[in-house]
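Data block below; observations after.
Bear in mind that the values in this text are calculations on the coordinates, not laboratory data. Small disclaimer: the values here were computed from a predicted structure and weren't measured. Cβ placement follows ideal geometry from the backbone for every residue including glycine, while neighbour counts extend to all protein chains displayed.
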Amino acid sequence: MGGRSAERFARWKKIGRQVRAKVYIIRLCIVMLLCWDNSN
């Protein structure tokens, strides 16, 4: 295992965290929209 592969893994981990945060926010928005539509 070289330093280069560890660097790549760290970068993927950071990207994965950002993607997970975006997916979580999008899911929250969808749930809020669905609940708002149901209440009206």
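Descriptive notes on the structure:
- Toward the positive end of the charge dipole of the chain, with +1 on the Cβ of Lys and Arg and -1 on the Cβ of Asp and Glu, the farthest Cα among TYR24, ALA10, ASN38 is that of ALA10.
- Identified option (computed Rg and Dmax of the Cα atoms in Å; candidates (i) 11.5, 31; (ii) 14.6, 44; (iii) 17.4, 58): (iii)
- Helices in the chain, meaning DSSP H runs of at least 4 residues, each add -39500 (n - 2.57). Divided by all residues, the mean residue ellipticity at 222 nm is -34000 deg cm²/dmol.
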